[in-house]
Every structure is written in C-alpha cells, then in structure tokens.
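The values are calculated or read from the model by the stated rules, or taken from the named source; none is laboratory data. Keep in mind the model is a prediction, meaning the values are calculated, not measured. Using ideal geometry, Cβ is built from the backbone for each residue, glycine included, and neighbour counts are taken over all protein chains shown. When the accessible area is computed, the model is the full protein with side chains, heavy atoms only, and any ligands, DNA or RNA have been set aside. Shrake-Rupley method; radii C 1.70, N 1.55, O 1.52, S 1.80 Å.
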Amino acid sequence: MNPCVFIIFSLLLLFLVTATASQLGGDDRNMKTCLDNERDALLLFKAPLHDPNDTLSTWRADQHECCKWNGVTCNTQTGHVTGLDIRNHDLGGEISHSLLNLTYLNTLALSFNSFNGTIPTFIGSLSQLTYLDLSENSLYGTIPPEFGNLTNLQELHLDSVGRCRVEKVEWLSHLSQLEVLVMDGVSLSKANHWVDVISSLPKLSWLSLQRCELSQVMYPYSSFLNSSSSSIVKLFLNDNNLTSSMYRWLSPLTTNNLLSLDLSGNMLDGIPKYFGNLCSLEYLVFYNNSAVVKFPDFLNNLSGCTSLSLQSLHAVESQFAGSLSDEIQKFSSLYSLDLSHNHLNGSISEKLWELPMLEIVMVSFNNLTVPSTHHLSNISYVKYLDLSSCKLLGPRFPKWVQTLKNLNRLDLSNTGISDTIPLEFWDMWPSQLEYLNLSFNNINGKVPDLLSNFADYSVIDLSSNNFNGQIPKLSSALATLDLSRNEFSGGISFICQIVDGWLEFLDLSHNSFIGQLPDCLWHFKDLRVLNLGHNNLFGSLPPSIGSLIQLQVLYLYKNNFSGELPLSLKNCMSLISLNLGANKFSGKVPVWIGENLSGLYVLILRSNNFFGTIPLKLCQSPNLQVLDLSMNNLHGSIPSCLSNLTSMVHQGTFSQDEEIQISYLPGPYVDHAMIAWQGDEREFFSTLKLLKSIDLSSNNLTGQIPYQITNLSDLISLNLSKNALSGEIPQKIGRIPTNTQLQSFQPSRYVGNKGLCGPPLTKKCPGDEEPVVTSVIGKNDGDGEDTDDELELMGWFYIGGGMGFATGFWMACGALLLNRRGRHAFFQFYDYVKMVVFTANLQKARQT
C-alpha cells in the first residue's frame, strides 16, 4: 500500500473512532458541573447528621463536583441535582431545610436511616418530586398535608417512618399521578372517608396500609362511593385488627384488576361471596387470623371465577376448622397451598393431588390424616410436600410418596410412622432432594448410601428415630445434617466426605458413635453448630478444630474426650456457647478462653479433670450468663473479679441479635445445655438464654466468699457447695429470704452457718427492729404486684444449707423473684419453685 494512502486511511479511522466514542460516552467538556448553590445545600444537609459509617465521606467542600458524590444524581445537560438516594446509610439527625434549594429534585430516598424530628413540611414544596421514600426512620407527628402539592408524585413510601399519623386524608386526592402508596405503621385512626380518597386515585396500583389502626376509623367510607373505580392491583391490609364488618368498605377497592390481596393478622371469621368474582386474583394471603373460620365455607366463597385464577393460598395459623374436602378440586390453577398450623381435621381429599398445576403443599400441624396408601395417577407435579405433625393412617411408611417424581422437599416429621423405609425410597430422586425431614418418628433399620440423592446445599434431618448401624457414604454438598437421638454406631470419619464447604449444622448427639474426632475439620469453614454430645467418642481434639472460624456452638458433653484443649481452639472466636462438660479433659483452664472467646454466653467445663486456679481472664467475658466449672480439681480462691461479668449484673438476656441463624432451616437454632438445678441435672432449651448461673461446686476452692459477688444482682443460681471455703457469709446475702418455703424448716437445719439471720432463726438481721412477717411468694393484700418493702425483705440469695465446712453452702439467688415479668418468663415450665435444703452432711462436716 502507498505510504500516503496508509497515512490518510489511519487518520480517517482515528477520526471515526474518536467521533464514535464521543457520541457513545459523551464529551466531558460539554457536561455541566454541579451548581454552587446546590452543592452548598447538600453540605448544609450533611453538616448536622450523625454518620457513623462515614458513608458521606465524598461530600466535602474541596470536592467541587457534587454530581460524583455518593448518592447524588445530576442532569448531565444542566448540572442540576435531580436525585438524592442515601438509603440504608445509618444516618441520624434532622432533615435540613437546605434541601429546598434543590428545586429540580425528582427523587428523594432517605429510607433505612435514623432521621428524627417531625416530617418537614417544606418537602411539599419540592414540586418536581416523582419519588419520595422516608420509610424506616424515627420521625414523628402528623404527615404534612403539604404533601398534597406534590402533584407529579408517582411513588410515596412512608412505611415504618416512625410514630406518625394522618389527621385528614384529603390531601392524597391531589396526587393524581400516584401509582404506589405505602404507609405501613402510620396511624389512620382519624382518617375518615379514606376509602373514598383512595378510590379517587386513577393510577394507583399498589396500596399497602399494614398496621395502620384501620379498625379504629369511625367512618372509613361515604355513601356516595363509586364501587367500580379502583385500579388497585396489589392490596395489603394486614395487622389492622379488622373484623368481617370491613368487607362493606373493602368492596370498592377490590375489582377485577386485583391480582394480590393480603388480609393476614386480623380477626376475620371468613370471606364474603364477592371474593369469588375477583377473576384476576392470583395470590391470597390470610395467615394469623384470630377468629375461627370454617374452611369448607371459605373455599365455597372463592368458587366462582376466582377458583380458576387463584395460584397461591397462604393461610398459616388462621384458625381454620373443618376438612380439606373435594371442593379443592375446583382450583385448577392452584400452584401453592399453605394451610399449616390450623385446626383442620379428617382425611385430605384425594382430589388435592389431582390439581394439574400444584407444586407446593404445606399442611403441617393440623389434625389431618393421610392414608399410608394412595391410588393416585397424577401427582407427579408436586415438588414441595410438608405433612409434618399430621397423622398417617396406619404406621407404615407411605409408599405413594415415591410416585412424586419431581419432589425436591419432603417433610414427614412427627407423622406417627413406625416402620422401616423401603430401600428403593433412597434412590428415587437422584441429585434432586434439597430437604428431607423424617424426624420424630419411630423409623428403624439402617440408612444406605446417601451419596447421590441430594442437591447442593441440601438438608437431611433423621433425628429422634430408631435408625441403627453405621453411616456409609454421604453427599459432599450438605448444608445441614441432623442424625441425633438415634442408635447409630461406628466411627464418624464419614463426615470427612462432606468436602464442598457448605456445611453449617452438624448434630450427631445421643447416639452410640465411637472413636476419635477425625482431623478433617478444615473442610467446615462455614460450620456454625457442632454437636457430638452423648456419644462414646474419645481421644484429644484435633488441631483442625481451629479451622472452624464461623463456629458458634460447640457441644461435646458426655463423651470420653481427653487431653488438654488444643491451642488452635482459640481461633474459634465466633463461639457463643462452649460445652465440654462430662469428659476427661485435663490441664489448666486455658487463659485464652477469656482473652479470645469474649462472645461466650455459655461456658460449661464441669465434670472433667481440670486443675489449677480459676483464670482471672474469665472475668473479661461480658456476655457470660452460664459459667459451670464444677466437679474438677480447681484450687485457690474465688476471683473477686467475677463481679465484672456484666451480663449477670444488668437486666436483660441473651440478645436476639445473637440468635444462631442456620441457612435453609425455618427458624433460629435453639441452644440447649444440661444444668445442675435444685439437686438434679436438667436439660434447658428455650429457657437457657434466660438463665444466669455460676456453679463452682465440687472443687478444692479455699478462702472466703468475695463480697463483690453480691454485685451480681441479676444472678439466678450460685452453687459453691463441696469446697473448702471458710469465713463469714457476706452480709448482703446473710438473710434467709422470706416469702418462701425456707421458713417452714426447723431452725436446727441452719445450725453451723453463723452468718445467717432472720426467720425461722431468732437471730435478727442488722436493721431489723421487728420480726419479719412471711407470706406466699408474689402475693400481697394489694394489687398483686410485689411492693418495694417486699422486695427488700426477699433479700438477694436463697441459701440452701451447708455441705463441706460449716460455711460451705448451696445458694440460688432470688433475682427472678424480684422481677415479676422475669419470674414468669423463666419458670414457664415449672408450676412453682422448690427450694431444697441439703443438710445430710452438715453435722458430719461440723464435727470434722
């Protein structure tokens, strides 16, 4: 090619590329920059705000181009700020009037922050707004009627905006362009004729008025209301305490445009017949209604054209009674049916399984019966089947389940099965099952290979049955495996087959597994709960246990593990519950437990061979509520710094934020532990997080009881028995509590404890002028509440007598008896509190 031609061609190509790039990407030289007055307005808006995460760090005076600031959008032609979207930034403070200078603003999104104060009326002057979102803040007061000036507004989100209300609703009628209105949590109790106003909005398609106190509105609609004008497609009216009288004003809002309707959390005793004429209705949510509803009547009132359109009926805990009858066959489009936790009875109609579109069936926790044999030909569409806590007729395993070729979730827990599982059952759904729950039955026999049946992130729960034998092969992709409370045996090396790193929950407790814990735990970086308790495992803990960096619960109670705790365990810094009791661990209680595992609320090392002194670093555990070091070989004194265990000082319990969430399980994991309580060993479950106890009994501790321990004002149980303690009982806990059974014992029962005073002893406590009059716990002559005087007389500890030396004793404190609400919460499973005095060895100890 001629050199001149090549040069000309290259220049032409360069020109074309440059021109194209300019057209596609824009020329920065032609873009308008942020206007000074609008930049200043944004800086004034930011100035008073609390910004703990520094999310507005780009908003600085030396950064002149505010259009590049976080959350700011500008018009590229004019430079005007048109959008401010700073949702979910944890910002706090009042909304500044400086936003008034953003006159071209069309989007203002401030939701999921902590803005406070009243909702500014000036927002009503931002006339260009098409989108306004103030939801999930801490504002209060009346929604400004000035919002009615926002005639261009298309979406208004005020859900959970704070403690806000609408006094008069007429301003909404001016928002003729409004398509979405969400006011969840805003009180409309005084908003008379609100139905008329809503019906007048010609473009409104989404209306959400959850928790708006609609039941308190005196006149929700007028007699002049046009009953066919609503354009609403999705309507949410849940949690308003509405009764069936609401159907009179609901009719104008429910036309054939309606696609989705949520009436849950009310007091409705059924639905009206006109619901059967909502020919576009696809989703009906009716859960948690408190009035009894006859389910056959409910279906009958939907049996018009709605029965052909309805795809999903979600009605959990709706007080449904009656049967799941043949009426269900009319709902030919039904895709999902959830009737769990109701009072349905009788046999499930076989017509249910013949619905051609049905994929999800959840009817758990009813009184329904399911035949163990079905002669069905067209139920292969069902993918999700939950029959838990229903009853199978006959204890045999339901072989008809095997005809569900598309099944990926199956729950037959607590259905009364007493049988072995056919071997072909385990081969029905290769690489397909995501969830299998057969727990709480009486299923026996061996479990074959579980290698090829399960999909990724799958859940297997075979707990509380009578399965036996060894576990052969497992899927490598499990997320949850629960084999607890069976009769499985052999080693547990099979867990090393779970190599894909998704396992979050592993419970092999209450079986007959033997052998050592294999050193392959580095596979389980997402494991949150490991429960191997109540088996026959032995040996030392492997170093790879330190790889469990997400582990929150480690439960090894009642095995034969031995040796010192591996240093690598200190890497498990996410632990909140560590239970190593009833084993043969030895060595000193590690100092790093207090240093590295500061999140612990349960630490149980009881019944081992630990020796040495109680490390002072344990006092650095601010969340610790259960500390059990009993039945070891510890010596030395009781650390006075135990008074630094702040969870035992302050009221409150295990934080809800700390609940252990396991993916793919329906709710949070419920932690549990065996606790020595009133002389017995009891297993605490849901009440464990309410317990606050210290058990240092059955060691070789010496010295005095530190008086600082009386600062643990929220402590419930303190056990110091079977030690070699000496000295006096601290004065604050010397009084025998009144209003208890302890006054019914003979005074001789308390001989040898010189620090005790008060009835039934004749010795008065310091400050007593008259004998204390006793009464029944929690009762008085007044209004039934505990008075301040009674609280003072109750004292702080219950003293249960002595063992060991004369001042060795068992104590359980009366903090719960000082707090009526806490008392009822903790003792919800007990009819009354028994305080037992142990004195059998008292005389022998005195003589010694």
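Tell me whether segment 579-647 comes out rounded, prolate or oblate; compute the Cα gyration tensor, take square roots of the eigenvalues as a ≥ b ≥ c, and use a/c under 1.5 as the rounded threshold.
Working: a/c = 1.78, a/b = 1.38, b/c = 1.29.
It is prolate, given that a/c is not under 1.5 and a/b is the larger ratio.
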#### Entry: Solvent-accessible ranking of E728, E317, largest area first, probe 1.4 Å
E728, E317
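So what's the projected area for segment 254-308, the Cα convex hull averaged over all directions, in nm²? Mind dumping the intermediate values first?
Details: hull surface 13.3 nm².
Reported value for the Cα convex hull: 3.3 nm².
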### Query
Rounded to the nearest 10 Å², what accessible area does M573 show when all protein chains are kept and the probe is 1.4 Å?
120
### Message
From the phi angles alone, apply the Karplus equation (6.51, -1.76, 1.60; θ = phi - 60°) to segment 116-129 and give each ³J(HN,Hα) in whole Hz, x where the residue is Gly or Pro.
### Response
10, x, 7, 5, x, 6, 5, 4, x, 8, 7, 5, 8, 4
### Task
Enumerate the amide H contacts of E564 below 5 Å, restricted to partners 5 or more residues apart or on another chain; note that Pro and chain-start residues carry no placed amide H.
S586
### Where W69, W206, W522 fall by accessible area, highest first, once all protein chains stay in place (1.4 Å)
W522, W206, W69
### Query
What are the lysines whose alpha-carbon lies under 20 Å from the alpha-carbon of K46, with same-chain residues fewer than 8 places away excluded?
K68
### Query
In segment 99-180, carbon and sulfur make up what percent of the accessible area (probe 1.4 Å)?
43
### Query
Using alpha-carbon positions, what is the distance between the centroids of segment 484-537 and segment 150-221, in Å?
55
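Note down the Stokes-Einstein diffusion coefficient of segment 552-688 in µm²/s, whole number, using a Kirkwood radius over alpha carbon pairs, 20 °C, and 1.002 mPa s. Can you show the working numbers first?
Values: Rh = 15.6 Å.
After rounding, the answer is 137 µm²/s.
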### Task
Give me the accessible area per residue for segment 381-540, probe 1.4 Å, as a whole number in Å².
36
## Note on the structure
Excluding ligands, DNA and RNA, the carbon-plus-sulfur percentage of the accessible area of segment 510-556 with a 1.4 Å probe reads 54
### Query
Applying the Karplus parametrisation 6.51 cos²θ - 1.76 cosθ + 1.60 with θ = phi - 60° to the phi angles of segment 633-645, what ³J(HN,Hα) value in whole Hz is obtained for each residue in order, glycine and proline being reported as x?
10, 6, 9, x, 9, 6, x, 5, 6, 4, 5, 7, 6
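Give the carbon-plus-sulfur fraction of the accessible surface of segment 210-319 in %, rounded to a whole number; probe 1.4 Å, heavy atoms of protein chains only.
Working: 2210 of 4590 Å².
Exposed carbon and sulfur together represent 48 percent of the surface.
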### Task
Name the lysines eligible as straight-distance cross-link partners of K399: C-alpha to C-alpha under 28 Å, and not fewer than 8 places from it in the same chain.
K330, K351, K383, K391, K446, K473
### Query
Leaving out ligands, DNA and RNA but keeping every protein chain, what accessible area does C67 have, in Å² rounded to the nearest 10, with a 1.4 Å probe?
30
### Query
If the limit is 19 Å between Cα atoms, which of K558/K584; K570/K617; K203/K273 go over it?
K203/K273
### Nonlocal amide H pairs with G515, under 5 Å, H built at 1.01 Å
F538
### Summary
Taking placed amide H atoms and a strict 5 Å upper bound, the residues 5 or more places from T82 or on another chain that come that close are T73, C74, N75
### Query
Once you put a point 7 Å from the Cα of N468 and another 7 Å from the Cα of V649, both along the Cβ direction, what distance in nm separates them?
5.5
### Message
Just the number please: accessible area per residue for segment 592-727, 1.4 Å probe, all protein chains included, in Å².
### Response
38
### Task
With only alpha-carbon atoms counted, please give the Rg and Dmax of segment 31-80, in Å.
10.9, 34
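Could you tell me which of rounded, prolate or oblate describes segment 190-300, using a ≥ b ≥ c as the square roots of the eigenvalues of the alpha-carbon gyration tensor, with rounded for a/c under 1.5 and, failing that, prolate when a/b is larger than b/c and oblate otherwise?
oblate
From largest accessible area down, sort K722, K330; use a 1.4 Å probe on the protein chains. Intermediate results must be reported in sequence, preceding the final value.
Numbers: K722 115, K330 85 Å².
In descending accessible area the options line up as K722, K330.
What length, rounded to one decimal in nm, is gained on full extension from K584 through to E424, with 0.36 nm per residue of separation minus their alpha-carbon distance?
Working: separation 160, 0.36 × 160 = 57.60 nm, distance 4.32 nm.
Between K584 and E424, full extension yields an extra 53.3 nm.
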### Debye log10 I(q)/I(0) for segment 265-395, one point scatterer per Cα, at q = 0.20 Å⁻¹
-1.21
### Task
Using label points projected 7 Å from each Cα along Cα→Cβ, tell me how many nm separate S332 and T73, to one decimal.
4.5
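Can you give the Rg to Rh ratio for segment 407-546, taking only C-alpha atoms and Rh from Kirkwood?
Values: Rg = 14.4 Å, Rh = 15.2 Å.
For segment 407-546, the value is 0.95.
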### Message
Just to verify a number: what accessible area does Y104 come out at with the full protein assembly present, 1.4 Å probe, Å² rounded to tens?
### Response
110
